[in-house]
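S.K.: Before we start, here is the structure in question, set down as structure tokens.
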Amino acid sequence: MASIKKVAVTGGSGQIAYSLLFRIANGDLFGKEQQIDLRICDLPEMTDALEGLAMELADCAFPLLHKVTIGHNLSEMFDDIELALLVGAKPRTKGMERGDLLQENGKIFVGTGRALNEAARKDAKIIVVGNPCNTNCLITMHHAPKLLRKNFHAMTRLDQNRAAALLATKANVPVESVRKLSIWGNHSATQVPDYTQVEIGTKRAVDLIQDQHWLQQEFISQVQGRGAEIIAKRGKSSAASAASSLIDATRALYETTREGDWYSSAVCTDDNPYGIEEDLIFSFPLRTDKKGNYEIVKGLEWDFFIKERIAVTQRELLEEKSHIAHLLKG
Ligand code: NAD
């Protein structure tokens, strides 16, 4: 049996974690043979909630759950971890500007980055979910210089999954036949769900769907606005779908990508092949090879429509970075 995997999850008492942790413990992340040492982190005032959660995990008698630790001291909780799923963040409250959210949550990720730098393995993989996740990821990466910059991700897999489901419904095909779907840029309303390269079965999506207006207008705006739509209906933000997408996003980094496909994740722009400004966390199409290393898919062409939108999402990320520039230092 493989050695026990040490995995940390922040925001452990939140609604995404409540779905995520049971899936991890059940073997959905690393398979049914892999024992897990799970570190569940949250704020000190959430200790009771974490204790209740740990009791529930124990009551499931998951055979793969070797150990569960709860706590708020991140340097202790991140000791020797190889994977951190950073879900914890303050929710946006009524009347709060995006800039305020950036400041408030940015501060959390300074401390998180420092704790990772102190305690995690140098080759640990980090996936940031707490919003605004791209910029939070940038802050974390800056404060964890001992870790590999390549291993920092912000999650855009939920956007990819939403986009794939919409295209599959429109084309009336099973969702797994949708391939080569890229999400470019920021996990925000400026993200670019790129249908232009998508293949559905043996056909190009644009040829199969033959509705340019729907693809350019409705499809893109439905993906961009799906989170808000769910809040309006459910009264709470998407949680189970975010947790499920985080499982997919993590597995994609460890498993060889299937032939003729790719997946999306926001990664560091250093040396990227698309001329995006360096030192940003920007969503690209990626492929993972047999050794578990990913590469940005090269050579994709952007038509004018996609290019314009990618410029907008890049500009938004640069603005976010300028808002939190003081948090990147020291
Ligand atoms: P939630 O409010 O239910 O849980 C958030 C958790 O974070 C809570 O347990 C809270 O105690 C903790 N937290 C709050 N302030 C903290 C701090 N200063 N330090 C550490 N932890 C803190 O929220 P949720 O629904 O679980 O969502 C979590 C985050 O994920 C939110 O930021 C949400 O916007 C984001 N999200 C991202 C995606 C994506 O696709 N990237 C999708 C859905 C949600």
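The values are calculated or read from the model by the stated rules, or taken from the named source; none is laboratory data. Fair warning: this is a prediction, and the values are worked out from it, not measured in the lab. Positions of Cβ are backbone-derived with ideal geometry, glycine not excepted, and every protein chain shown enters the neighbour counts.
S.K.: Here are some residues: Lys291, Lys307, Lys298. Which one is at negative phi, among the basic types (Lys, Arg) and part of a helix (DSSP H, G or I)? Step through it out loud before you land on a result.
M.R.: Numbers: Lys291 fails: part of a helix (DSSP H, G or I); Lys298 fails: part of a helix (DSSP H, G or I).
Exactly one residue qualifies, and that residue is Lys307.
S.K.: I'd like the residue in segment 117-138 that is touching a residue at least 40 places away in the same chain (Cβ under 8 Å) and farther than 21 Å from Asp159 by Cβ and, out of all such residues, is surrounded by the fewest Cβ atoms within 10 Å (Cβ to Cβ).
M.R.: Keep residues of segment 117-138 that are touching a residue at least 40 places away in the same chain (Cβ under 8 Å), which gives 118-121, 123-138.
Next, from what is left, pick out any that are farther than 21 Å from Asp159 by Cβ: 118-121, 123-124.
Details: Glu118: 14, Ala119: 20, Ala120: 27, Arg121: 18, Asp123: 10, Ala124: 23.
Per the stated criteria, the residue is Asp123.
S.K.: Moving on. For Ser237, only one of the following conditions fails: (1) of a type outside the set (A, V, I, L, M, F, W, C); (2) more than 13 Å from the chain's Cα centre (by Cα); (3) within 13 Å of the ligand (Cβ to nearest atom); (4) assigned to a helix (DSSP H, G or I). What is its number?
M.R.: (4)
S.K.: While we're on this one: Are there any pairs with C-beta distances below 8 angstrom linking a residue in segment 45-62 that is within 13 Å of Phe22 (Cβ to Cβ) to a residue that is among the β-branched types (Val, Ile, Thr) and buried (at least 16 other Cβ atoms within 10 Å of the Cβ), with the two at least 6 apart or on different chains, and if so which?
M.R.: What qualifies is Leu53/Ile40; Leu53/Ile70; Ala54/Ile40; Ala54/Val68; Ala54/Ile70; Leu57/Val68; Ala58/Val68.
Yes/no matrix, rows are residues, columns are (1) of a type in the set (S, T, N, Q); (2) more than 20 Å from the chain's Cα centre (by Cα); (3) surrounded by 14 or more Cβ atoms within 10 Å (Cβ to Cβ):
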| site | (1), (2), (3) |
| --- | --- |
| Ile281 | no, no, yes |
| Thr288 | yes, no, yes |
| Lys291 | no, yes, no |
| Leu300 | no, yes, yes |
| Phe304 | no, yes, no |
| Glu320 | no, no, yes |
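S.K.: For residues that are of a type in the set (A, V, I, L, M) and buried (at least 18 other Cβ atoms within 10 Å of the Cβ), scanning just segment 157-170, find the one that is nearest to the ligand (Cβ to nearest atom).
M.R.: Step one: filter segment 157-170 for residues of a type in the set (A, V, I, L, M), giving 158, 163-168.
With buried (at least 18 other Cβ atoms within 10 Å of the Cβ) added as a condition, the list becomes 158, 163-164, 166-167.
Working: Leu158: 4, Ala163: 12, Ala164: 14, Leu166: 16, Leu167: 18 Å.
So the residue we want is Leu158.
S.K.: Which members of segment 61-100 meet the condition of being out of contact with any His (no Cβ under 6 Å at 6 or more places or on another chain), surrounded by fewer than 19 Cβ atoms within 10 Å (Cβ to Cβ) and under 25 Å from Ser237 (Cβ atoms)?
M.R.: Residues satisfying the conditions are His72, Lys90, Pro91, Arg92, Thr93, Lys94, Gly95, Met96, Glu97, Arg98, Asp100.
For every residue, the table says whether it meets (1) free of Cβ contacts under 8 Å to residues at least 12 places away in the same chain; (2) part of a helix (DSSP H, G or I); (3) charged (D, E, K, R).
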position	(1), (2), (3)
Lys170	no, yes, yes
Val173	no, no, no
Gln224	no, yes, no
Ser244	no, yes, no
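S.K.: May I ask you to list the residues in segment 85-120 that are among the small types (Gly, Ala, Ser), away from the ligand (no atom under 12 Å from the Cβ) and either at pLDDT 95 or above or over 14 Å from Ile324 (Cα atoms) (or both)? Don't jump to the end; show me each part of the working.
M.R.: Initial filter on segment 85-120 (among the small types (Gly, Ala, Ser)): 88-89, 95, 99, 106, 111, 113, 115, 119-120.
Applying the additional criterion that residues be away from the ligand (no atom under 12 Å from the Cβ) yields 95, 99, 113, 119-120.
Across segment 85-120, the qualifying residues are Gly95, Gly113, Ala119, Ala120.
S.K.: Need pairs with beta-carbon distance below 8 Å; first residue within 16 Å of Gly99 (Cβ to Cβ) and touching a residue at least 40 places away in the same chain (Cβ under 8 Å) and within segment 310-330, second of a type in the set (Phe, Trp, Tyr) and outside any helix (DSSP H, G or I); sequence gap 6+ or separate chains.
M.R.: Close Cβ pairs (under 8 Å, with a partner that is of a type in the set (Phe, Trp, Tyr) and outside any helix (DSSP H, G or I)) amount to Leu317/Phe282.
S.K.: I would also like to ask the following. Would you check if there is a residue in segment 183-204 being at pLDDT below 95, away from the ligand (no atom under 16 Å from the Cβ) and not in a strand (DSSP E or B)?
M.R.: For segment 183-204, residues at pLDDT below 95, away from the ligand (no atom under 16 Å from the Cβ) and not in a strand (DSSP E or B): present.
S.K.: Okay, next question. So, Lys125, is that one more than 14 Å from the ligand (Cβ to nearest atom), under 22 Å from the mean Cα position of the chain (by Cα) and at negative phi or not? Quick ask: steps written out before the conclusion?
M.R.: Details: more than 14 Å from the ligand (Cβ to nearest atom): yes; under 22 Å from the mean Cα position of the chain (by Cα): yes; at negative phi: yes.
Yes.
S.K.: Could I ask something else about it? Quick check on segment 72-84. Is at least one of its residues in a helix (DSSP H, G or I), within 12 Å of the ligand (Cβ to nearest atom), of a type outside the set (Ser, Thr, Tyr) and out of contact with any helix residue (DSSP H, G or I) (no Cβ under 9 Å at 6 or more places or on another chain)? Give the steps one after another, and end with the answer.
M.R.: From segment 72-84, those in a helix (DSSP H, G or I) are 74-77; that's our starting set.
Subset that is within 12 Å of the ligand (Cβ to nearest atom): 74, 77.
From the residues that got through so far, the ones that are of a type outside the set (Ser, Thr, Tyr) too are 74, 77.
Right, trim to out of contact with any helix residue (DSSP H, G or I) (no Cβ under 9 Å at 6 or more places or on another chain) and you get none.
No, there is no match, as no residue in segment 72-84 is in a helix (DSSP H, G or I), within 12 Å of the ligand (Cβ to nearest atom), of a type outside the set (Ser, Thr, Tyr) and out of contact with any helix residue (DSSP H, G or I) (no Cβ under 9 Å at 6 or more places or on another chain).
S.K.: Could you list, ordered by first residue, the pairs with Cβ atoms under 6 Å in which the first is in segment 89-108 and of a type outside the set (Lys, Arg) and the second is in a loop (DSSP other than H, G, I, E, B) and away from the ligand (no atom under 12 Å from the Cβ), at least 6 apart or interchain?
M.R.: Here the result reads Leu102/Ile324; Gly106/Ile324, each pair linking segment 89-108 to a residue that is in a loop (DSSP other than H, G, I, E, B) and away from the ligand (no atom under 12 Å from the Cβ).
S.K.: Thr140 is checked against (1) within 9 Å of the ligand (Cβ to nearest atom); (2) assigned to a helix (DSSP H, G or I); (3) among the polar types (S, T, N, Q) and fails just one. What number does that condition carry?
M.R.: For Thr140, the failing item is (1).
S.K.: Now a separate question. Just to be sure before I move on: is Gly12 part of a loop (DSSP other than H, G, I, E, B), of a type in the set (Gly, Ala, Ser), in contact with a Gly (Cβ under 8 Å, 6 or more places away or on another chain) and surrounded by 16 or more Cβ atoms within 10 Å (Cβ to Cβ) in the structure I sent?
M.R.: Working: part of a loop (DSSP other than H, G, I, E, B): yes; of a type in the set (Gly, Ala, Ser): yes; in contact with a Gly (Cβ under 8 Å, 6 or more places away or on another chain): yes; surrounded by 16 or more Cβ atoms within 10 Å (Cβ to Cβ): yes.
Answer is yes for this residue.
S.K.: Within 12 Å of the ligand (Cβ to nearest atom) and more than 18 Å from the chain's Cα centre (by Cα), is that true of Leu57? Reasoning before the result, please.
M.R.: Working: within 12 Å of the ligand (Cβ to nearest atom): no; more than 18 Å from the chain's Cα centre (by Cα): yes.
Taking the combined requirement at face value, the residue does not satisfy it.
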